[in-house]
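Undergrad: Before anything else, here's the structure in question.
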Amino acid sequence: MTRLATTGEVLQLIRSGEALTRADIGRVTGLSRPAVALRVSELLQRGLIVEDAEGPSTGGRPPVRLRFNTAGGVVLVASLGASRTQIAICDLTGEVLLRTDLDIDVEEGPDVVLPLVMDTWKKLLDGHGPVVGVGLGVPATVEFAAGRTESARVMASWTGVVIPPIIAARYPVPVLVDNDVNVIAMGEHRVAYASELDDLLFVKVSTRIGAGVISGGSILRGALGAAGEIGHIPVRDGGGVLCRCGNLDCVDSVASGTAILRELRAKGRDVLSLADVTALVRAGDAETMAVVRQAGRWLGEVISGAVNLLNPAIVVLGGDVAEMFQPLVSGVREVVYQRSTQLSTRSLRIERSRLGPGAGITGCALLVIDHILSADAIDAATPRML
Ligand SMILES: [Zn+2]
């Protein structure tokens, strides 16, 4: 005896385009006409789908088409970076409706940062709605199921903070929190690469270094959510640099944007920001190119280990330092092709992020949309959800 398709599963068929009419649903699921009608009317009532009257006019009554209602609600998203935060509201396909960027220092802590983010959503909302979910990316390790930030060493004021209840007190909808690089990897993969490959390693090199792993099409979080924290893997011959985590020669301490700036200043170069370094690279400054290339080699050491372990189809380099792509990727390639196994590098691509800074927002939106529109969530939700 086969189980009957649920309302949530019928929605998936409509969203994916597998079923466009009531007759399609009946054919795909084997449900009786009354059972199809019941599920469809439930979805219509909840505003999750709409009917398009106009079908092809081939004589007779055209079948009514069913369409996922992308405007049935909005999701609130925020991608928090170490120094810059992107805040947006998106429709139910993940399309950005409105977006604003704020300069916030996350080290100010959740008591300052979260109210600021929530106030910004309120301003952006202005007539849009209803709010059906919230997605956040934070620059810390996140115990995913609980939405609890764990990374005591680098975001001290956030340690142990359980974010979802704080947000839900003001926006009582599902709130999902993940590591910032995980959501960027998810956005980059889904928008730019999902049609061609399922295994992607995203490495973000900015003020800090982190990675997000897409394996078999899904984000790889590990047992608690700490997978992908490559920043604190040590490199050989790093020169004995003390990392903020207390260990020596972590790749974060020798190859991050912070490290590149420190190295150039030690050589007497007048660089205030990574934008200055990017300008020097573009101008072909030999000393700057050499420093960035060496950072790329150290990064390559850690990436080659990850490539051996995970066998991704592509390594995508993103973050501010990826603006210095040529010398950086030269260093990375030099070491990865030398140290990784032949099979793992046979068709390995190493490319620059296609989405750029927008990937975080898109990833946050997809994170929450995947959750609230999953068949299980639809079947469990009360009708007032949408
Ligand atoms: Zn470290």
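Undergrad: How many percent of the alpha carbon pairs in the chain exceed a separation of 31 Å?
TA: Of all Cα-Cα pairs in the chain, 43 percent lie more than 31 Å apart.
Undergrad: Using a 10 Å cut-off on Cβ atoms, rank the peptides 273-280, 125-132 from the highest mean neighbour count down.
TA: Averaged packing, sorted descending, gives the order 273-280, 125-132.
Undergrad: Mind putting a number on the dipole of the chain about its Cα centre? Charges go on the C-beta only, +1 for Lys and Arg and -1 for Asp and Glu, and I need it in Debye to the nearest 20.
TA: 640
Undergrad: Could you give the accessible area per residue of the stretch 301-362, probe 1.4 Å, as a whole number in Å²?
TA: That works out to 43 Å² per residue.
Undergrad: Same structure again: Using a 1.4 angstrom probe, figure out how much accessible area the stretch 33-143 has per residue, in square angstrom, rounded to the nearest whole.
TA: Result: 47 Å² of accessible area for each residue.
Undergrad: Below 8 Å, C-alpha to C-alpha, sequence gap of six or more: please give me the relative contact order for the stretch 175-286 in percent.
TA: Across the stretch 175-286, relative contact order equals 17 percent.
Undergrad: Once every DSSP H run of n ≥ 4 in the chain is given -39500 (n - 2.57) and the sum is divided by its residues, what mean residue ellipticity at 222 nm do you get, rounded to the nearest 500 deg cm²/dmol?
TA: -11500 deg cm²/dmol
Undergrad: Under a point spin-label approximation (7 Å from Cα along Cα-to-Cβ), what is the L116-H128 distance to one decimal in nm?
TA: Taking the simple label geometry, L116 and H128 are separated by 2.1 nm.
Undergrad: In addition: Counting only protein heavy atoms, what percent of the accessible surface of the chain is carbon or sulfur at a 1.4 Å probe?
TA: Carbon and sulfur atoms account for 52 percent of the accessible area of the chain.
Undergrad: How many nm separate the modelled label positions at L197 and R265, each set 7 Å beyond the Cα in the direction of the Cβ?
TA: Taking the two extended label points, one gets 3.6 nm.
Undergrad: Among DSSP beta bridges lying fully in the stretch 116-229, give the percent that are antiparallel, nearest 5.
TA: 70
Undergrad: Here's a follow-up. Express in whole angstrom the spacing between the alpha-carbon centres of the stretch 160-189 and the stretch 330-386.
TA: 15
Undergrad: What order do you get for 309-321, 177-189 when each peptide is scored by the mean count of other beta carbon atoms within 10 Å, highest first?
TA: My ranking of the peptides, most packed first, is 177-189, 309-321.
Undergrad: Compute the long axis of helix 359-372 from its Cα atoms, compare it with the longest principal axis of the Cα atoms of the chain, and write down the angle in degrees, 0 to 90, nearest 10.
TA: Taking Cα atoms only, the helix is inclined about 40 degrees.
Undergrad: List the residues whose amide H sits under 5 Å from the amide H of L66, counting only those 5 or more places along or on another chain, with H placed 1.01 Å from N in the peptide plane.
TA: Under 5 Å from the amide H of L66: T21, D52.
Undergrad: How high is the FRET efficiency from Q326 to S32, r the C-beta distance, R0 56 Å, rounded to 0.05?
TA: 0.35
The values are calculated or read from the model by the stated rules, or taken from the named source; none is laboratory data. It should be emphasised that the depicted structure is a prediction, and the values quoted were computed from it without experimental measurement. Note that each Cβ is placed from the backbone with ideal geometry, even for glycine, and that neighbours are counted across all protein chains shown. Remember, those area values only see protein heavy atoms, side chains included, never the ligands or the DNA or RNA. Shrake-Rupley method; radii C 1.70, N 1.55, O 1.52, S 1.80 Å.
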